[in-house]
Amino acid sequence: DVFSAITHYDASKCSTKGLRNGVLNKFYYLQVLYLDNNQITMIDETTFDNCEAMEALYIRWNKIGFIHEKVFILAKSLEILMLDGNQLTEIDFLDNFPKKSLRELSLSSNSLSNLRGNIFTRHKNLESIWLDLNKLTSIPPKLFDNLPKLTAVDLSNNFLALSCLDVIENSFLY
């Protein structure tokens with residue numbers, strides 16, 4: 001099967017509106033998937049169940065408002081997740097994301113207004129988190145604690161009461 005050998009697939013700017021159950025089932029060795037600049041509004045709970053080799057997923061500039069909590073539960077190799085330019089208001093799907101796989105997470109240009117204090121806790125390998133251009137008004141204390149590999153955080157262009165420097169300083173206080 002020709003699909004089983006594909007490791008990189010770009011379906012950007014294809015006017016795709018959604019991802020049906022099983023649409024990626026034949027892509028056994030898929031490592032990188034681009035779905036940028038489509039019209040995707042939702043992702044089915046089992047869309048990525050057979051994508052255990054996927055390392056990077058780019059679903060930027062779509063219309064996704066919600067991601068089911070179990071959508072990435074089997075994505076054990078996923079290290080890079082780029083969800084910029086969607087309409088996300090919460091990121092609870094990170095609670096069921098495989099531990100230790102995620103290194104880069106971009107949630108820029110969404111509609112996030114608040115974050116739970118422990119939302120990143122299980123992701124010990126996170127190196128970069130982009131939260132710029134959202135609607136954040138505050139950052140929970142110690143949000144970035146217990147992330148020993150974290151080297152980059154972008155909180156610019158939000159509605160934070162404290163300056164971005166104060167937010168970082170306060171988040172690391174005990």
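The values are calculated or read from the model by the stated rules, or taken from the named source; none is laboratory data. All figures in this text were calculated on a predicted structure; none of them were measured in a lab. Positions of Cβ are generated from backbone atoms using ideal geometry, with glycine treated the same way; all protein chains shown enter the neighbour counts. These area figures cover heavy atoms from the full protein model, side chains too; ligands, DNA and RNA do not enter into them. Shrake-Rupley method; radii C 1.70, N 1.55, O 1.52, S 1.80 Å.
Tell me what the chain gives for mean residue ellipticity at 222 nm when only DSSP H runs of n ≥ 4 count, each as -39,500 (n - 2.57), the sum divided by the residue total, rounded to 500 deg cm²/dmol. Could the numbers behind the result be given before it?
Values: 1 runs with 8 residues, N = 174.
Counting only the DSSP helices, I get -1000 deg cm²/dmol.
Which of the lysines could be linked to residue 13 by a straight reach, that is with a Cα gap under 19 Å, when you skip same-chain ones fewer than 8 residues away?
In chain and number order, the partners are 63.
So how far apart, in nm, are the two label points at residue 15 and residue 2 if each is 7 Å from Cα heading toward Cβ?
2.2 nm
Hey, any idea what % of the chain's accessible area is carbon plus sulfur with a 1.4 Å probe?
Working: 4480 of 8780 Å².
Its accessible area is 51 percent carbon and sulfur atoms.
In Å², what does the accessible area per residue of the range 18-174 work out to with a 1.4 Å probe?
Values: 7450 Å² over 157 residues.
For the range 18-174, the per-residue accessible area is 47 Å².
Show which aspartates and glutamates lie in cross-link reach of residue 17 when reach means a straight Cα distance below 16 angstrom and same-chain residues fewer than eight apart are skipped.
Hits, sequence-local ones excluded: 36, 44, 45.
Under 27 Å between alpha carbons, and skipping anything fewer than 8 positions from residue 124 in its own chain: which lysines qualify?
Leaving aside lysines fewer than 8 places away in the same chain, those within reach of residue 124 are 70, 76, 99, 100, 135, 142, 149.
Looking at the range 48-88, which trypsin sites (Lys or Arg not before Pro) are DSSP coil and have at most 15 other C-beta atoms within 10 Å of their C-beta?
On the way: sites: 60, 63, 70, 76; in loops: 60, 63, 70, 76.
Those satisfying the criteria are 63, 70, 76.
Once the piece of chain linking residue 92 and residue 152 is laid out straight, how much longer is it, given 0.36 nm per residue of separation minus the C-alpha distance between them? Walk me through the numbers before you get to the answer.
Values: separation 60, 0.36 × 60 = 21.60 nm, distance 2.14 nm.
Extra length available between residue 92 and residue 152 comes to 19.5 nm.
Taking the Cα centroid of the range 136-159 and of the range 97-135, what is the distance between the two, rounded to the nearest whole Å?
8 Å
When a/c reaches 1.5 or more, the comparison of a/b and b/c decides; with that in mind, is the range 58-101 rounded, prolate or oblate per its Cα gyration tensor?
Numbers: a/c = 2.46, a/b = 1.51, b/c = 1.63.
Since a/c reaches 1.5 but b/c is at least a/b, the shape of the range 58-101 is classed as oblate.
Treat the range 1-64 as a sphere of radius equal to its Kirkwood radius over Cα pairs and apply Stokes-Einstein at 25 °C in a medium of 0.890 mPa s; give the translational diffusion coefficient in µm²/s, rounded to a whole number.
Values: Rh = 11.8 Å.
Diffusion coefficient, whole number: 208 µm²/s.
For the range 21-141, count the residues as N, evaluate 2.2 N^0.38 Å, and divide the Cα radius of gyration by that value, please. Kindly include the intermediate steps, with their values, before the conclusion.
Values: Rg = 13.6 Å, N = 121, 2.2 N^0.38 = 13.6 Å.
Scaled against compact globular proteins, the figure is 1.00.
Which distance in nm do the two modelled labels at residue 53 and residue 26 give, with both placed 7 Å along the Cα-to-Cβ direction?
1.5 nm
Got a sec to turn the phi values of the range 77-82 into Karplus ³J(HN,Hα) couplings, 6.51 cos²θ - 1.76 cosθ + 1.60 with θ = phi - 60°, whole Hz, x for Gly and Pro?
9, 5, 9, 10, 10, 10
Which FRET efficiency, nearest 0.05, do residue 121 and residue 44 yield, Cβ-Cβ r, R0 22 Å? The partial results should precede the final answer.
Details: r = 27 Å, r/R0 = 1.23.
Calculated value: 0.25.
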